[in-house]
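Single-structure report; data block below.
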Amino acid sequence: MALRLLLFMFCFAIFLKSMINLEGLFSVRYKLKMSQFRYERKYIIENLSTQKVNLIIKSHPHLFKKKYDARFVNSLYLDSLDYSFYNDHVIGKSDRYKIRVRWYNNLYEEIQKPVLEIKTKKNYLGKKESYCLNKINFHKNLQVEKLNKFIRNSNIPEKVKILNIKPVLINRYLRNYFESADKKYRITVDTNLTYYPILSDKILFTKVHHDKNIVIMELKYGVDAGDYASKITNHFPFRTMKSSKYIRGIQITRDVII
């Protein structure tokens, strides 16, 4: 009897140890998965100059400083035929996606290193997957079919290739970059926002839409820095708002493209 009890206790101890190890493994995997995400908090600032916004950032007690030179950001957004990505954002789904091709500075040029980005949003958390594409000569007479072929023939994940998506919008803006002294928090400031609608056969470069008197500021930080974030945001005289340049662009140009 005593031998059976000892054997039972020995087996139970091994079981408990395996469960603890398994729990630790799941915990590590969860932390690794969450480390791919970051918090993204946006501020829509109206009727305030970029210079004043930058001054407010630089006067923050967390000592934000300019990280890079300002540059223009160009984004070509892709969506399904029924605009499912757009609709998911509008109805407020917690899990949302955006797919875009991004390049920097000149809008019209031979783009040497365009990048396909898949953005995943879970409420305030976001992550980004990036894939390098082939170079393309981007010009005013570029046909949408050629653009579609370029995307399909590039080295992109199969999960993107099987989607029936198309180019729907181009967005361009000037971005300034800031980083806190401890390098845990980053801020981007976007101005000069413009949108170009895309029809089924052509890009309407002559139908440019300007988002005037708008500054979009975004605070970005890792999940591990979330506990201290309120001390960062409390020093800004702005309110966080859910915002997406893609959604704004579609809504501004929808009389042309939808």
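Taken together, the values in this text are just the output of simple stated rules run on the coordinates, not laboratory data. Please read these numbers as outputs of a predicted model, since none were measured by experiment. Note that each Cβ is placed from the backbone with ideal geometry, even for glycine, and that neighbours are counted across all protein chains shown.
For Lys67, the aspartates and glutamates whose Cα falls under 15 Å of its own Cα, not counting residues fewer than eight places away in the same chain, are Glu179, Asp182, Asp190, Glu218.
For Thr206 and Arg71, the difference between the fully extended length at 0.36 nm per residue and the C-alpha to C-alpha distance is 46.3 nm. Considering all different alpha carbon pairs of region 53-132, the Kirkwood hydrodynamic radius works out to 15.3 Å. Which of the aspartates and glutamates could a cross-linker span from Lys207 if the Cα-Cα distance has to be under 14 Å and same-chain partners fewer than 8 positions apart are dropped? Cα-Cα hits under 14 Å: Asp255.
Give me the percent relative contact order of region 73-221, please, defined on Cα pairs under 8 angstrom at least 6 residues apart. It would help to have the intermediate numbers written out before the result.
Values: 285 pairs, mean separation 31.0, N = 149.
That works out to 21 percent.
So if I place +1 on the C-beta of Lys and Arg and -1 on the C-beta of Asp and Glu, and nothing else carries charge, what would the dipole magnitude of region 38-257 be about its Cα centre? I want it in debye, nearest 20.
Numbers: 43 positive and 22 negative charges, 64 e Å.
So the magnitude is around 300 debye.
Taking other residues whose beta carbon is less than 11 angstrom from the beta carbon of Ile111, and scoring Lys, Arg as +1 and Asp, Glu as -1, yields +1.
How big is D for region 38-257, in µm² s⁻¹ as a whole number, if Stokes-Einstein is applied with the Kirkwood radius of its Cα pairs at 4 °C and 1.567 mPa s? Provide the component values of the computation, followed by the final result.
On the way: Rh = 18.4 Å.
In µm²/s, the coefficient rounds to 70.
If you wrap the tightest convex hull around every Cα atom of region 132-176 and split its volume per residue, you get 123 Å³. All C-alpha to C-alpha distances of region 165-256, sorted into 5 Å bins beginning at zero, yield P(r) values of 2, 11, 20, 19, 15, 12, 10, 7, 4, 1 percent in whole numbers.
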